[in-house]
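Structure record follows, encoded as structure tokens.
The values are calculated or read from the model by the stated rules, or taken from the named source; none is laboratory data. These numbers were taken from a predicted model, which means no experiment stands behind them. Here the Cβ positions follow ideal geometry from the backbone for every residue, glycine too, while neighbour counts run over all protein chains shown.
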Amino acid sequence: MASPVVGLQTHIWNNNVKSMAMLALYPLLIIGIIWLCAFIVGGASNSGVMAPASAQSTHFANAIIFNYWPAILAGVAIWFMVAFFFHTKLVRKLAHSHPVTRKDEPEFYNLLENLSITAGIPMPHLEIIEAHARNAFASGIDQKSFTVTVTRGLMNSLTKDELEGVLAHELTHILNRDVRLLIITIIFTGMIGFAAQMVWSNIRYSFIYSRRSRDNGGGLLIMMALACTLWLGYVVTLFTRFAISRKREYMADAGAVQLTKNPEAMMRALMRIAGRDKIPGATDDIAMMCIENAKPFMGLFTTHPPIEKRIRALSDTTGAPLPQISLPPASHDERFGEGNGVRNPWLVRQRGSRKNM
């Protein structure tokens, strides 16, 4: 059972517990979704159309689960194992990143290597996204797959000590096992989302565009019910992500300060990132792993605490005053056209103060 978070060690313990709980929960959830789909098919096959709940459809659904549960669990295990071994390539494709070596980026590579030595962990792989956005994230499940990915815009916009703070933040996510927990949720959510998309594609092409199937109203209703059931299951799996405490970002910020001993640099980094975090073409799964995600998930739920609260939390806990940062020229700021449409409150505040001077 998870415990109240009172420090980094309890946060790590809670993440390990949640990882095990989700590994047990998702197969059960998938079996439940399959049962509902079988219930719908059983009810429709008894009457030719969608029927209300009945003993026959319940019996049919129970028989499906009883007879095929080993195959269902085997399919889930195969999916997880494939995703386990290939998730690095999947994340790279979704983020449009590419790996770099010491030869490619010697100063940046050495910075991450030195921080890894300080943290007492093997250096993770390093990747870069060629985009003007200012963001970074960590990914991976084990020491062989742990990766830190940053955008080119972040590298070009932050000073060395600010960049060090961001890298320390991502290393803390690795130390705290936040990344493993997120990757597990992405793997199983992707499984159910993929099944829902397959059913919906079948509806579109077999029933909407195919003349032979336009008159098959009963079949269309069955497919629509199956699609709705799968999408409902997909939404449920998405909500499990919000069981992952939003305190993970506060904990990673604190861990970054613990590694670098420089709270002011971490605060300045967050100030420069605010309002410029959206990575073009990146999915919601990638955005959720990033150091900042100003866009609400599915337009409804925030995945990260407000960046102003994170900065003030660092200031309050460390006693460091809020730093002042210099504004880039207007022409430079306008070139970052991939922003969220979210204004940076710290830069806006400084512009206002300058006008009053």
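Annotations for the structure displayed:
- Of the residues making up segment 264-293, those that are in a helix (DSSP H, G or I), within 14 Å of the chain's Cα centre (by Cα) and not β-branched (V, I, T) are D284, D285, A287, M288, M289.
- Pairs, first under 16 Å from E130 (Cα atoms) in segment 88-111, second assigned to a helix (DSSP H, G or I), C-beta under 6 Å, six or more apart: L94/I286; A95/I286
- Scanning segment 244-263 for residues that are assigned to a loop (DSSP other than H, G, I, E, B), at pLDDT 90 or above and of a type in the set (S, T, N, Q) returns a single hit, N262.
- Matching strands (runs of 3 or more DSSP E) fully within segment 57-152 where at least 2 residues are small (G, A, S) and buried (at least 19 other Cβ atoms within 10 Å of the Cβ): 136-139
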